[in-house]
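Before any comments, here is the structure.
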Amino acid sequence: MNIMKNRKEDVIFVAVLLVLVLIFIVFRVVKGKKVEAPAVADVMPITTISGDQTAPRVIVKKKKTDTIWPELSYTETFTKYQNGNLLQFSQNCQARPVSMALKNGSDLMLDNRENKEEVITFGNTKYTLPAYGYEVINLSVKNVPVTFQVDCSTAQNVATIVME
């Protein structure tokens with residue numbers, strides 16, 4: 001009787017252990033599918049401004065859903081870019097700062113503080129920012145230095161950016 005009881009307990013123990021291992025394997029497989037590296041970048045075309053100047057070419061258009069890195073909150077993103085790589089648009093598309101200099105290949109946070117959608121334009125490249133939305137882009141030009149104007153919806157030349 002005692003041997004039978006130990007066998008029952010052993011069978012139950014092995015069954016529970018197998019169930020736990022199976023749950024662990026399923027969890028890893030499901031979680032593994034979420035971690036697979038998706039395409040990280042959307043390549044944008046080269047755009048031009050009047051004359052010889054070349055507008056910035058967006059090499060990497062970062063999207064929160066396309067990254068394999070942890071998503072940053074608005075506050076974390078703002079803190080990361082607030083010291084020189086942040087262009088904010090407030091009421092009536094007023095840009096802050098109105099002029100800035102960036103190193104070629106720099107990331108720039110476009111930050112819409114307006115309660116409506118705004119379209120930000122660099123030459124022919126447009127970014128649609130939802131109300132209170134933002135996007136981090138990487139800017140690169142073929143030849144530096146170059147100066148260009150930024151438009152916000154119907155407001156033209158709201159900011160000047162010099163690429164160095």
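The values are calculated or read from the model by the stated rules, or taken from the named source; none is laboratory data. Keep in mind that this is a model prediction, so the values were computed, not measured. All Cβ positions, glycine included, derive from the backbone under ideal geometry; neighbour counts span all protein chains shown.
What strands (runs of 3 or more DSSP E) lie completely within the stretch 1-102 and have 1 or more residues being more than 17 Å from F148 (Cα to Cα) and at pLDDT below 50?
Numbers: elements: 57-61, 86-89, 99-102.
Once the strands (runs of 3 or more DSSP E) in the stretch 1-102 are filtered for at least 1 residues that are more than 17 Å from F148 (Cα to Cα) and at pLDDT below 50, what remains is 57-61.
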Can you say whether N157 is surrounded by fewer than 18 Cβ atoms within 10 Å (Cβ to Cβ), at positive phi and either in a strand (DSSP E or B) or modelled with pLDDT under 90 (or both), as far as the supplied structure shows? yes
In the stretch 120-136, is there at least one residue being hydrophobic (A, V, I, L, M, F, W, C), surrounded by fewer than 14 Cβ atoms within 10 Å (Cβ to Cβ) and not in a strand (DSSP E or B)? yes
